[in-house]
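The structure appears right after this line, and notes come after that.
The values are calculated or read from the model by the stated rules, or taken from the named source; none is laboratory data. These numbers come from a predicted model, not from an experiment. FYI the Cβ positions are ideal-geometry reconstructions off the backbone, even for glycines, and counts take in every protein chain you see.
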Amino acid sequence: MRLSSSLFQDQELYIRTNPDNPFYLKSSKAYKFYLKYFDHIRQGEIIVFRPPPKANATDDFIKRVMGLPGDKVEIKNSTTYINDKPLYEPYITDQSNNNFGSVIVPNDSVFVMGDNRNNSADSRVWGFLPMQNITARSLFRYWPLNHLGLLPVR
């Protein structure tokens, strides 16, 4: 099934993470929708992007937006804090093993992390993601069939 219009195009993504959590996308197939107009990115959205040079990768990445411009991001005692408030994260099984931050997200950038926190190369490793690198929002998972549906947003 291919969906297309003047507003979006789709492409299959193959994602590998933790098989024990239904929010994870282990061996999943998801569609990324190329939206021509990003009105705004929200915290908790799953996005697809071109990795920054420091990531030493060429394939698109898929990660969750944790911090928006101006947000303070910190991980301490296995809990993620955004603007000094603990973040409820039902989509992860293992909380981060390491402390991180605090950092302030600069204008025109976001802070992203993978849901598989202890095995993810993300903003904690290669820094902030310029918004211009974002190519799509990932909205829908269609495989495996028992996890068919919209991807969870915080």
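Structure values in brief
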item	result
Given (1) more than 16 Å from the chain's Cα centre (by Cα); (2) crowded, with 19+ Cβ neighbours inside 10 Å; (3) in contact (Cβ under 8 Å) with a residue 60 or more places away in the chain, index of the condition residue 75 fails	(3)
From 13, 25, 3, residue being at pLDDT below 85, touching a strand residue (DSSP E or B) at 6+ places or on another chain (Cβ under 7 Å), closer than 27 Å to residue 146 by Cβ and not in a loop (DSSP other than H, G, I, E, B)	13
Qualifying residue in the range 84-102 (condition: at pLDDT 90 or above, assigned to a loop (DSSP other than H, G, I, E, B) and closer than 17 Å to residue 134 by Cβ)	no
Residue pairs meeting the criteria (Cβ under 9 Å; at least 6 apart or on separate chains; first under 11 Å from residue 65 (Cβ atoms) and in contact (Cβ under 8 Å) with a residue 60 or more places away in the chain, in the range 109-128; second polar (S, T, N, Q) and in a helix (DSSP H, G or I))	110/123; 112/123
Positions within the range 106-154 being among the hydroxyl-bearing types (Ser, Thr, Tyr), surrounded by 18 or more Cβ atoms within 10 Å (Cβ to Cβ) and modelled with pLDDT under 95, in sequence order	120, 138
